[in-house]
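Colleague: The structure follows.
The values are calculated or read from the model by the stated rules, or taken from the named source; none is laboratory data. The structure displayed is predicted, hence computed values, not measured ones. Ideal geometry is used to build each Cβ from the backbone, glycine not excepted, and the neighbour counts take in all protein chains shown.
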Amino acid sequence: MNVVVVGSGIAGLTAALHAHELGHAVTLVTKSALGGGCTPLAQGGVAGGYGPGDGPAAHAADTISAGAGLCDPAAVDALVADGAARIAELRARGVAFDRAPGGALARGREAAHTHARILHAGGDATGAAISAALCAAVQRTPMSVRERTMLLDLIVEAGRIRGITVLRDGGAVEIRADAVILATGGAGQLYAHTTNPIETTGDGIAAALRVGAAIADLEFVQFHPTTLPGVPVFLLSEAVRGEGAVLRDSDGRRFVFDSHPDGELAPRDVVARAIAGQAARQGTPVHLDATGLGADALARRFPTIDRVTRDRGFDWSREPLPVTPAAHYLMGGVVTDRHGRTTIPGLYAAGEIARTGVHGANRLASNSLLEGAVFGARAAAALDEPWPTAAVDITPCPSPTDGTTAADADVAPEPLPPFDRAALQRLLWDEVGLRRNGSGLQRALRIVRGWAVGLPPAVDVRTYEDRNLLLVADATLRAALARPASVGAHHRDDPAPGAPTMAHPSILETA
Ligand code: SIN
């Protein structure tokens, strides 16, 4: 079978390798260079390195708890059941996970995990190690790799995927295929502050929206609590808090305990809102204090952070670092079943672009690399299976975002000045960021629709990306409008009267 894989992060690389090893003719398409995107930037590791007293069941329970009750338990079971095999595969392909002094695999702890079960490589360079190993494996195969080739659209004929169109060397080109696996990642570039690289513009989600694939849960955007402000912001891994660093307000107080009994290791959405709220109250950034860990331990355990913070003029072994939340991960996306199958026959999705049901309303730290590997492999394995004749088995989503809802039906475009990407990013940061309310969401939707109407025809990568960002922004705003209750990463300041509070049961958060 001719298979096109779009995207070269962990999900795309795994899917491509598995599809090739199963005998398919694979074309791997990637917008930047092979191995671009978010994966090489991932500092935090791969959940699934179980020690004594831990195992897949405890990992599944933590995943479901972090997901605020909205995970699909069967998808979570698939994640933890296949995790060991995928970690073994990564090791076989050359990823050297870090070892403890006695020689056993070192296991780190991150927020909302009940056990230390995170594997890292190169300290805080896990994604880079994985990306390098998988790219090298791809380069040892004869598969066709098309770099600097941007997905434009999906070709659907008679209800079935038939290939893609791409932008290559300035022109639109068709690549015909029997199956397409989307692994283009999320849409962090919707936001003014994001840990995602510049190319993360929601291209796959937008293409799927244009052909009517089911999309869900776009309102669930995870904001990483701790990034170093600057351009670009720089991730300060949650593992730093896992090793004992603490968050302090301007009086030196560990303020996160006001919001949650787990303090710095509470679920990410809680910590991120606590940081933003405290910074707003005190008028200055809060600080991450890692001074207690010692200069040697910091340099050894977090070599990348140590280097970058020093390059930016900080000595974090002696002074706490200012921190701010930033958009980090999209829990929603293209709806798939447990085999990566979307609602369009022949179209699969894996990794951050996919809404598998694993993450619910809030992803558990270090589950994303694992999900990319597990569901990339599962999508490739499903290529040989007949497409189900019944509708793909999709867990019902409380607020599907694949259509216009009553909440946004009367939102008309308003005339505006020409579109500007930075203005879009600021608008979404303000109105569909850490906290949302109905009037802000409606206002943002009006502006986004005004920009969409006035957008000139796309001619190059930048303008095609702008088109995609506006489409995904529109869908994200509609999704947020359609969910009146706060849950997980979606926090409404104006819950509709009587709307059920679906927040994490252990949250003590103040409004
Ligand atoms: C981190 O290192 O804090 C990021 C890990 C993740 O997002 O899973």
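Colleague: For residues that are in a loop (DSSP other than H, G, I, E, B) and modelled with pLDDT under 95, scanning just the stretch 261-282, find the one that is farthest from residue 62 (Cα to Cα).
Modeller: Just the residues of the stretch 261-282 that are in a loop (DSSP other than H, G, I, E, B), to begin with: 261-262, 266-267.
If we keep only those that are modelled with pLDDT under 95 too, we end up with 262, 266-267.
Details: 262: 14, 266: 12, 267: 10 Å.
Out of the qualifying residues, it is 262.
Colleague: Return yes when residue 346 is touching a helix residue (DSSP H, G or I) at 6+ places or on another chain (Cβ under 7 Å), among the small types (Gly, Ala, Ser) and in contact (Cβ under 8 Å) with a residue 40 or more places away in the chain and no when it is not. Give the steps one after another, and end with the answer.
Modeller: Numbers: touching a helix residue (DSSP H, G or I) at 6+ places or on another chain (Cβ under 7 Å): no; among the small types (Gly, Ala, Ser): yes; in contact (Cβ under 8 Å) with a residue 40 or more places away in the chain: yes.
No; evaluated as a whole, the condition is false for this residue.
Colleague: Only one of these conditions is not met by residue 214: (1) within 16 Å of the ligand (Cβ to nearest atom); (2) surrounded by fewer than 24 Cβ atoms within 10 Å (Cβ to Cβ). Which number is it?
Modeller: So the condition that residue 214 fails would be (1).
Colleague: State which residue is surrounded by the fewest Cβ atoms within 10 Å (Cβ to Cβ) when the search covers only the stretch 59-100 and only residues that are in contact with a strand residue (DSSP E or B) (Cβ under 9 Å, 6 or more places away or on another chain) and more than 25 Å from residue 131 (Cβ to Cβ).
Modeller: Going through the qualifying residues, I end up with 69.
Colleague: Being more than 16 Å from the ligand (Cβ to nearest atom), under 20 Å from residue 378 (Cβ atoms) and touching a strand residue (DSSP E or B) at 6+ places or on another chain (Cβ under 8 Å) is the filter here, so list the residues in the stretch 28-57 that pass it.
Modeller: 28
Colleague: Another question, then. Could you tell me whether the stretch 417-432 includes any residue that is at pLDDT 95 or above and within 16 Å of the ligand (Cβ to nearest atom)?
Modeller: No, that holds for no residue.
Colleague: Can you tell me which of 241, 307 is closer than 21 Å to residue 197 by Cβ, basic (Lys, Arg) and within 16 Å of the ligand (Cβ to nearest atom)?
Modeller: Details: 241 fails: closer than 21 Å to residue 197 by Cβ.
After ruling out the rest, the residue left standing is 307.
Colleague: Within 16 Å of the ligand (Cβ to nearest atom) and either surrounded by fewer than 21 Cβ atoms within 10 Å (Cβ to Cβ) or modelled with pLDDT under 95 (or both): is that true of residue 293 in this structure? Let's see the steps before the verdict.
Modeller: Working: within 16 Å of the ligand (Cβ to nearest atom): yes; either surrounded by fewer than 21 Cβ atoms within 10 Å (Cβ to Cβ) or modelled with pLDDT under 95 (or both): yes.
Considered against the rule, which asks whether it is within 16 Å of the ligand (Cβ to nearest atom) and either surrounded by fewer than 21 Cβ atoms within 10 Å (Cβ to Cβ) or modelled with pLDDT under 95 (or both), residue 293 comes out as yes.
Colleague: Of the conditions (1) more than 23 Å from residue 13 (Cα to Cα); (2) in a helix (DSSP H, G or I), residue 69 fails just one. Which one is it?
Modeller: Going through (1) more than 23 Å from residue 13 (Cα to Cα); (2) in a helix (DSSP H, G or I) one by one, residue 69 breaks only (2).
Colleague: If you take the residues in the stretch 180-192 that are part of a loop (DSSP other than H, G, I, E, B) and more than 11 Å from the chain's Cα centre (by Cα), which one is nearest to the ligand (Cβ to nearest atom)? Walk me through how you get there before you give the answer.
Modeller: We begin by selecting, within the stretch 180-192, every residue part of a loop (DSSP other than H, G, I, E, B); these are 183-187, 191-192.
Then drop every residue that is not more than 11 Å from the chain's Cα centre (by Cα), which leaves 183, 191-192.
Details: 183: 17, 191: 15, 192: 19 Å.
Only one residue fits best here, namely 191.
Colleague: Using beta carbons and a limit of 6 Å, which pairs, at least six apart or on different chains, have the first residue in the stretch 243-266 and charged (D, E, K, R) and the second one assigned to a loop (DSSP other than H, G, I, E, B)?
Modeller: Hits for this filter: zero, empty list.
Colleague: Considering only residues that are farther than 19 Å from residue 67 by Cβ and within 11 Å of the ligand (Cβ to nearest atom), which ones fall in the stretch 109-122?
Modeller: 120
Colleague: From 235, 228, grab the single residue that is farther than 27 Å from residue 355 by Cβ, modelled with pLDDT of 95 or more and within 16 Å of the ligand (Cβ to nearest atom).
Modeller: Numbers: 235 fails: farther than 27 Å from residue 355 by Cβ.
Step by step, each of 235, 228 is checked, and only 228 is farther than 27 Å from residue 355 by Cβ, modelled with pLDDT of 95 or more and within 16 Å of the ligand (Cβ to nearest atom).
Colleague: Just checking, which of 33, 96 is under 20 Å from residue 301 (Cβ atoms), of a type in the set (A, V, I, L, M, F, W, C) and in a loop (DSSP other than H, G, I, E, B)? I'd like the intermediate steps shown before the answer.
Modeller: Numbers: 33 fails: under 20 Å from residue 301 (Cβ atoms).
Exactly one residue qualifies, and that residue is 96.
Colleague: From 165, 126, grab the single residue that is β-branched (Val, Ile, Thr) and within 16 Å of the ligand (Cβ to nearest atom). Before you say what the answer is, go through the steps one by one.
Modeller: Working: 165 fails: within 16 Å of the ligand (Cβ to nearest atom).
Only one candidate qualifies: 126.
Colleague: If you scan the stretch 193-211, which residues turn out to be more than 16 Å from the ligand (Cβ to nearest atom) and buried (at least 24 other Cβ atoms within 10 Å of the Cβ)? Explain how you work it out, then say what you get.
Modeller: Step one: filter the stretch 193-211 for residues more than 16 Å from the ligand (Cβ to nearest atom), giving 198-199, 201-211.
Of everything in the stretch 193-211, those that are more than 16 Å from the ligand (Cβ to nearest atom) and buried (at least 24 other Cβ atoms within 10 Å of the Cβ) turn out to be 201, 202, 203, 204, 205, 206, 207, 208.
Colleague: Identify, by number, the condition in (1) modelled with pLDDT under 95; (2) over 30 Å from residue 308 (Cβ atoms); (3) touching a Lys or Arg at 6+ places or on another chain (Cβ under 7 Å) that residue 170 doesn't meet.
Modeller: (3) is the only condition that residue 170 fails.
Colleague: A further question on this structure: So how many residues does the stretch 31-58 have that are at pLDDT 95 or above, in contact with a Gly (Cβ under 6 Å, 6 or more places away or on another chain) and surrounded by 24 or more Cβ atoms within 10 Å (Cβ to Cβ)?
Modeller: So the answer is 4.
Colleague: For the stretch 2-20, which positions are over 18 Å from the mean Cα position of the chain (by Cα) and either within 15 Å of residue 340 (Cβ to Cβ) or free of Cβ contacts under 8 Å to residues at least 40 places away in the same chain (or both)?
Modeller: Here is the first cut: in the stretch 2-20, the residues over 18 Å from the mean Cα position of the chain (by Cα) are 2-5, 16-20.
Scanning the stretch 2-20 gives 3, 4, 5, 16, 17, 18, 19.
Colleague: Okay, moving on. Looking only at residues that are away from the ligand (no atom under 16 Å from the Cβ) and in a helix (DSSP H, G or I) in the stretch 354-382, which one is farthest from residue 117 (Cα to Cα)?
Modeller: 382
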